[in-house]
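Only one structure is covered here, and it is reproduced in the block below.
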Amino acid sequence: MDTTLSQTVGTTDHGHGPAKGLGRWFFTTNHKDIGTLYLWFSLLMFLTGGCMALMIRAELFQPGLQLVRPEFFNQMTTMHGLIMVFGAVMPAFVGLANWMVPMMVGAPDMALPRMNNWSFWILPFAFSLMLSTLFMEGGGPNFGWTFYAPLSTTYAPPSVTFFIFAVHMMGVSSIMGAINIIATILNLRAPGMTMMKLPLFVWTWLITAFLLIAVMPVLAGVVTMMLMDIHFGTSFFNAAGGGDPVLFQHVFWFFGHPEVYIMILPAFGIVSEIIPTFARKRLFGYASMVYATSSIALLSFLVWAHHMFAVGMPLAGELFFMFATMLIAVPTGVKVFNWVATMYHGSMTFETPMLFALSFVVLFTIGGFSGLMLAIAPADFQYHDTYFVVAHFHYVLVPGAIFSIMAGAYYWLPKWTGHMYNESLGKAHFWLSFVGVNITFFPMHFLGLAGMPRRIPDYALQFADFNAVASTGAFIFGLSQLLFVYNIISCIRGGERATDQVWEGSHGLEWTLPSPVPYHTFSQPPVIK
Amino acid sequence: MIKRVWLLPWIGSLVSLPAAAAWDVNITPGATAISREVYDLHMTIFWICVAIGVVVFGVMFWSIIHHRKSRGAEARNFHENTAVEILWTLIPFVILIAMAIPATATLIKMYDNTDADIDIQVTGYQWKWRYQYLGQDIDFFSSLTTPNEQIDNEAPKGENYLLEVDHPLVLPVGKKIRFLFTANDVIHSWWVPDLAVKKDAIPGFINESWAIPEESGIYRGQCTELCGRGHGFMPIVVEVKPQAEFEQWLADTREATVAQAASATEEWSLEQLIEHGEQVYNTTCAACHQATGQGIPGAFPALAGSPVALGDIDAHINIVLHGKAGTAMQAFGAQLNAVDLAAVITYERNAWGNDTGDSVSPQRITELQQ
């Protein structure tokens with residue numbers, strides 16, 4: 001009886017709010033609640049991984065071993081990388097997708113809401129398992145976030161098995177999240193929302209989701225092979241048993257290179273939303289942005305061995321991967337040119353999201369330049385596994401991925417909470433982060449070129465000065481994130497009321513909804529002209 | 001490149017460091033024709049990136065300054081231009097081809113491993129290097145000599161802190177040296193920036209690379225692949241000498257090997273063994289088992305009071321000679337000579353309260369090795 005009624009009345013019946021108490025969060029199938037859970041989880045992991053980074057930088061402030069022993073240092077570099085990649089950056093993007101994708105395509109929720117709940121709730125268990133290894137006998141994983149065999153198999157601490165299961169769980173969560181996003185975008189678009197009308201954030205996430213589905217099983221495969229080597233006597237990666245340690249690297253980087261694009265494509269999407277809003281001008285080259293993103297994604301499957309120029313590949317292999325890698329600069333360049341062309345003859349204002357987005361463009365491009373240098377195989381022999389690489393990937397990940405997440409958070413917070421965040425505090429957070437990031441990571445270029453290898457707990461005296469500078473910057477950057485946390489919390493608690501459109505130049509379905517967004521939105525599909 | 005002079009006084013007030021402090025910002029042009037070519041390639045690419053950066057950021061900042069709302073800028077309504085978009089796809093493509101050509105040429109040269117004058121096998125061990133001059137009867141290990149007191153800040157750090165070894169790799173000037181890289185346990189990577197050689201040393205694989213050092217001198221490098229707790233403590237020192245001096249060194253080294261073999265048949269007193277054994281222990285064993293013999297709980301077992309060091313002598317010798325499968329304990333029988341082995345085992349049985357009074361003779365080691 002009830003069912004017939006609600007079917008005839010349509011969606012008006014669904015105006016009920018969230019459940020009461022903790023159950024709301026455990027059992028929720030609401031995309032906004034799950035988005036919120038993902039974002040808080042990611043913030044927590046960002047702060048955890050950040051503390052590990054600060055421990056690393058504190059030890060490296062001066063030559064000599066002061067605070068930690070080398071074995072613990074190795075656990076910190078490993079955990080810092082794993083937590084930031086799988087715990088901070090990826091869940092943050094999934095959280096933003098959960099919140100924004102249904103609202104941007106005019107859908108009432110994600111396509112598979114129960115699976116959505118599950119894909120989030122796996123994560124706290126996966127990361128508890130992984131973090132618990134730090135307290136196990138022999139310590140946690142100490143072989144770097146790239147866990148090259150045989151250091152991660154024959155020579156690994158016993159806790160590696162827990163690490164493998166944690167990675168399996170993260171993979172399951174990511175695959176389910178990706179399936180959900182694809183299903184939502186392909187099936188739940190409002191009538192009239194054609195593919196080439198999708199906001200770029202939705203487009204970049206659609207492509208990212210396909211990358212995730214393609215490569216997370218590869219990661220699961222490689223850790224399973226490790227598990228077999230460790231416990232079941234196989235020799236996939238053990239040369240003494242006829243295996244091949246280099247095979248590990250090929251499989252790992254076949255996952256790993258698309259993985260780095262998984263961490264940057266949604267960032268491109270966020271920035272492509274923010275720059276037009278604050279330039280009050282339509283995004284330049286929408287179609288070419290879509291094509292560029294797709295070509296970056298396709299090329300990402302053909303460049304994995306540029307992480308392995310020093311393993312002794314044959315000349316033809318080196319050349320192929322060098323050329324393919326250089327080619328990625330073309331679509332990436334197109335994106336940067338499009339952003340600059342969007343700003344050109346716009347009418348710009350510089351609120352916090354725009355400041356983060358602009359510094360994304362500049363600093364990500366600097367990371368791109370060092371990436372281009374690294375692509376040149378003969379020169380890469382001098383850069384490989386030095387701090388130059390550390391500088392490169394932190395430039396694309398911190399002021400790249402993480403700045404875009406912060407930009408997105410400030411951009412959409414008023415929509416989520418119904419309050420404006422504190423703009424001066426936001427700007428202070430931006431400038432401290434901007435200065436901190438550059439003081440931390442710019443000197444690392446010099447350290448690497450001058451010959452400092454990465455992942456060392458102690459270093460020769462000629463590297464002392466720039467290390468002290470980098471450590472100082474790291475503490476500036478790290479502590480300034482407390483402003484971010486404070487700003488978010490105070491924005492949730494109150495503040496100036498946000499209008500529905502929030503920003504003068506904002507366009508798109510999400511800005512037609514009230515601020516704060518009601519618990520259920522687009523129960524009836526919007527009309528798209 | 002950029003000199004960050006403005007940072008100097010600020011940092012100076014933050015930390016006071018030894019005089020060896022330096023602000024090196026670039027890779028070395030190095031000591032070989034290839035390393036100079038790589039340096040030139042690096043600088044070319046760097047300046048191309050700078051040029052692109054100046055143009056892109058120039059337009060961007062010009063827009064930020066002039067096209068801001070506070071200056072009354074009104075947004076224009078253009079959002080695509082096929083000609084411009086094709087142009088800025090093609091121009092980068094052409095620039096990339098221009099970069100790829102010299103890079104390919106250099107890479108082809110670097111891959112020409114033929115016609116070497118000397119072949120040296122380089123083997124990575126946790127955490128030292130082994131150099132074998134193939135066909136020359138020369139085979140030795142090269143380990144870090146920086147004392148633990150310096151690492152633990154209990155003594156002032158020396159000039160070549162963490163970049164000094166007991167036995168450097170010695171090479172002649174002007175000869176083509178071919179390196180054959182492999183590893184005994186995990187993956188290591190052998191890097192000497194001045195030779196522009198960086199190659200992974202992988203267990204079960206042999207990798208090749210080569211260099212023709214053009215000037216005498218001492219060149220330092222480090223392991224560049226994470227290989228465990230001692231990764232930061234296995235430097236590489238290369239001493240390049242004129243041909244005559246190199247040959248003298250070859251002769252001296254061979255002679256020393258013979259003398260060492262002879263000493264294995266001599267009588268050694270307990271005190272002599274313990275004294276020599278302490279040195280061997282500190283360079284070979286202390287990285288894992290620690291100078292205190294306490295090991296690292298959960299990772300490396302303690303030797304002080306351990307059943308192995310206090311129990312059956314032959315069982316103790318057996319573990320040291322052949323290692324322990326499935327653990328990080330290596331087979332030192334192939335790495336150390338009989339005197340070193342006898343001395344270090346004797347030391348382990350008499351240090352840190354392990355007062356067994358046992359003495360192991362080099363002859364006993366030789367016997368068990370046969």
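Since every read-out is calculated from the coordinates, none of them should be taken as a lab result. Values in this document were obtained by computation on a predicted structure and should not be read as measured data. Because the Cβ atoms are built from the backbone with ideal geometry, glycine has one as well, and the counts that use them run over all protein chains shown.
Placing +1 on the Cβ of every Lys and Arg and -1 on the Cβ of every Asp and Glu, with nothing else charged, gives the stretch A:33-512 a dipole about its Cα centre of roughly 780 debye. Charged side chains reduced to their Cβ positions (Lys and Arg at +1, Asp and Glu at -1) give the stretch B:129-253 a dipole of some 440 debye around its Cα centre.
Per-residue mean of foreign Cβ neighbours for B:67-76 is 6 (Cβ atoms of other chains, 10 Å radius).
Per residue of A:72-82, other chain Cβ atoms within 10 Å of the residue Cβ number 1 on average. Counting Cβ atoms of other protein chains within 10 Å of each Cβ in A:276-286 and taking the mean gives 4.
Relative to the longest principal axis of the Cα atoms of chain B, the long axis of helix B:270-280 makes an angle of roughly 10 degrees.
Calculated mean residue ellipticity, 222 nm, chain B: -12500 deg cm²/dmol, from DSSP H runs (n ≥ 4) at -39500 (n - 2.57) each, averaged per residue and rounded to 500.
Take every pair of alpha-carbon atoms less than 8 Å apart whose residues are at least six positions apart; their mean separation over the length of the stretch A:33-512 yields a relative contact order of 17 percent.
How much of the DSSP beta bridge set in the protein assembly as shown is antiparallel, as a percent to the nearest 5? Roughly 70 percent of the beta bridges in the protein assembly as shown run antiparallel, per DSSP.
Under 28 Å of direct C-alpha separation, and excluding same-chain neighbours fewer than eight residues apart, B:K175 reaches these lysines: B:K109, B:K128, B:K198, B:K199, B:K241.
Summing +1 for each Lys or Arg and -1 for each Asp or Glu among the other residues whose beta-carbon sits under 14 angstrom from that of B:E245 gives -2. Compared with the dominant principal axis of the Cα atoms in chain B, helix B:243-263 is inclined by about 30°. The mean sequence distance of close C-alpha pairs (under 8 Å, at least 6 residues apart), as a share of the length of the stretch B:118-260, puts its relative contact order at 26 percent.
When you filter the GluC sites (Glu not before Pro) in the stretch B:252-310 for DSSP loop state and at most 14 other Cβ atoms inside 10 Å of their Cβ, you are left with B:E266, B:E267.
Relative to the longest principal axis of the Cα atoms of chain A, helix A:387-396 runs at roughly 10 degrees.
About the centre of its Cα atoms, the protein assembly as shown shows a dipole size close to 4560 debye [charges on the beta carbon of Lys, Arg (+1) and Asp, Glu (-1) only; nearest 20 debye]. Counting only residues at least eight positions apart within a chain, or on another chain, the aspartates and glutamates with an alpha carbon under 15 Å from that of A:K32 are A:D109, A:E510. Close amide-amide hydrogen proximity is noted between B:H167 and B:S143, each under 5 Å apart and 5 or more residues distant or on a separate chain (H modeled in the peptide plane; Pro and chain starts excluded). Each of B:Y219, A:T386, B:S263 was placed along the dipole of the protein assembly as shown (beta-carbon charges, centred on the mean Cα), and the one lying farthest toward the positive end is A:T386. Annotation: lysines with alpha-carbon distance below 28 angstrom to B:K69 (same-chain offsets under eight excluded): A:K197, A:K281, A:K335, A:K415, A:K427. Scanning residues 5 or more positions from A:H419 or on other chains, those with amide H under 5 Å from its amide H are A:A498, with H placed 1.01 Å from N in the peptide plane. Projecting the Cα atoms of A:L60, A:A220, A:A407 onto the dipole axis of chain A, where Lys and Arg carry +1 and Asp and Glu carry -1 at the beta carbon, places A:A407 farthest toward the positive end. Entry for the stretch A:33-512 at q = 0.07 Å⁻¹: log10 I(q)/I(0) = -0.35, Debye formula applied to identical alpha-carbon scatterers, no solvent contribution.
The mean sequence separation of alpha-carbon pairs under 8 Å and at least six residues apart, normalised by the residue count of chain B, gives a relative contact order of 12 percent.
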